[in-house]
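This report concerns only the one structure given below.
We did not get these values from a lab; they are worked out from the coordinates using the rules stated. From a predicted model like this one, the values you see are computed outputs, not experimental measurements. Here the Cβ is made from the backbone with ideal geometry for all residues, glycine too, and neighbour counts use every protein chain on show.
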Amino acid sequence: MSTTTTRGVAQPAPAKAAPARPRRRLRGNPTFNFWLFTGPFLVGLAIFVFVPIVWSIWLSFFDARFTVTPSKFVGLDNYKSMLTNPNFTGSLVTFTVFAALIVPLTWALSLALAMLVHRLRFMRAFFRSVFFLPTAVSYVAAALIWKMSIFTGVRFGLMNTVLGWFGVENIAYLSDPNPPWYWLVIVTVRLWLQAGFYMILFLAALQNIPAELYEAAAIDGAKPGWQTFRYITLPQLRATSTAVILLLLVAAYQAFDEFFNIISTKATWGQTPLMILYKTALGENQDYGAGSAGAVILTVLICSVTLLQGKFMGFGRGEDSK
Amino acid sequence: MTTTAPQVGRDSRKKRGGVLGNTGLYIAVSVAALLFLLPFYLILRNSLSTDPEITGENWKLLPSFQWGNISELFNDPTVDFAKSMWNSTVIAVSMTVGTLLICSLAGYGLARIPYKHANKVFYVVLATLMVPTAVTFVPSFVLVSSLGWIDTYRGLIIPGLFSGFTCFLFRQYFLGFPKELEEAARVDGLGYWGAYWRIVVPNSLNFFAAMATITFISGWNAFLWPLVIGQDPSSWTVQVALSSFMTNQTVNFHLIFMATAISILPLVFVFLFLQRWLVQGIAQTGIKG
């Protein structure tokens, strides 16, 4: 009894909004419920994301050292000083090199692992777990192993011990940027940490490729192996690849943990943009103005790279939410 | 999931006289697996060794199993490791509970409640995804410090609860949630709130478990924000404590590795135990092709 009456009452109420689909509605006013559900999140988002961003843009035009309520307007000076600061511009170069190395390598390794695991007939769950497991390890812990056990630069480190068996002299991986051996350390640690995660994305995508495509290709005379991979698998993975590359790029931009813990913070090389911002804003000078200007520059850069990539690679084309 | 290997792959492999190809496949995958497991072995080996065993040139495969390293670590006067473990636990657990609650509600609202401006609100949320959280740490620090939240749990937890990304993932998930179940709720005369708690959440536990694991891991492993906010050693998280070991000359190698091993163990267990949901969850996040 109550069911029918409540439905009868609830239906005419939102009549103005959508008379075409009232029978799909749950009881209650949608507008009120929408804000009930999303309100807490939106308030938090406003306070902890939007307010800081606006505040940061505000601060970036002021001389703000040791204070967050500055009085001296300096216009674009903070931007000028960041863009002419060789440490900051150098960090952008560091990021570019890092992204150029880590994005394609992770893409290739995670795809290769996914294809290997996908073809396994038994023990598939075991190997998937093994490759996925490093995702649980923090960048700090991994940096520690890499720095203090594998690439120590002296003979007790694993790498130099193994190389020593072949008569190779000790290599100082982390104390000298010439030659830049530190890239080997930095890139391998992140490869190990993140390849398993992206492998899962590729595995899911591989499972979604219809088997008929491979049958059709076989009938058309495509050889299994490279030809099938090139003309069937790769195009079918396009949407996932694009998403993976985008995620990798954004993650590379935010590189901090492993650089901070592996490379001496006093070094003038191998500093990522975030490390420079960290030192500028929270170092000895506590220069929030310049730090904020750097953050704004970085955000603009990330957004333009993301949008450019979206434009060239058609992000979202194959995976519209609905 | 494991049983749905495409038949075609199997057939074509059989045709190629599979045994050799298969052996090669398993050799390749095993070599890769050994490389991936190597760092775990190194942590365990070093954590149970003496310092000379770690830094000596003669490499031994097995350590001398110094179990006393565990108590030595927790009694170390320079870093209060037990306290940092506790801090990380409190932070990771409350972040998981809070984020799931706040972001799942918002995700459901955005996906399923027919409000005419819902899409505009969604674009506002999407816009925050474009600004990576790590870049906003300077302004966030400014805000949190002016609230007086430095060195507090509040400062470490609350700013991290409003994850645009988690909200986005929940929205994607709820878009695919079967409408029939909600129609059953409508027939039963439930409102949005009742339907959400009595129908939607109980039928989405797998996805919630996956999101909980992901949030817990990222809370436990977070470094930059705890480093910035936790200035007093009593508010350090495990990751900040570990990092301090690397610059602190007085701490010994075996203690560093024991601390690393202990910091990783809970997650490895969580990971192996919840692996099935995790993999499904990641595969379901809407980033698939």
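Key figures
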{"read-out": "Computed [θ] at 222 nm, helices only, for chain B once each DSSP H run of length n ≥ 4 contributes -39500 (n - 2.57)", "value": "-22000 deg cm²/dmol"}
{"read-out": "Value at 222 nm in deg cm²/dmol, rounded to 500, when DSSP H runs of n ≥ 4 in chain A each add -39,500 (n - 2.57)", "value": "-19000 deg cm²/dmol"}
{"read-out": "Spacing of the two label points (7 Å from each Cα toward its C-beta) at B:Lys60 and B:Thr247, in nm", "value": "3.5"}
{"read-out": "Förster radius 56 Å - calculated FRET efficiency between B:Asn119 and B:Ile27 (Cβ-Cβ, nearest 0.05)", "value": "0.60"}
{"read-out": "At R0 = 45 Å, FRET efficiency that the Cβ-Cβ distance of B:Val93 and A:Glu169 yields, to 0.05", "value": "0.35"}
{"read-out": "Per-residue mean of C-beta atoms belonging to partner chains within 10 Å, peptide B:117-123", "value": "2"}
{"read-out": "Using a Förster distance of 22 Å, the FRET efficiency for A:Thr84-A:Ile57 (Cβ separation, nearest 0.05)", "value": "0.60"}
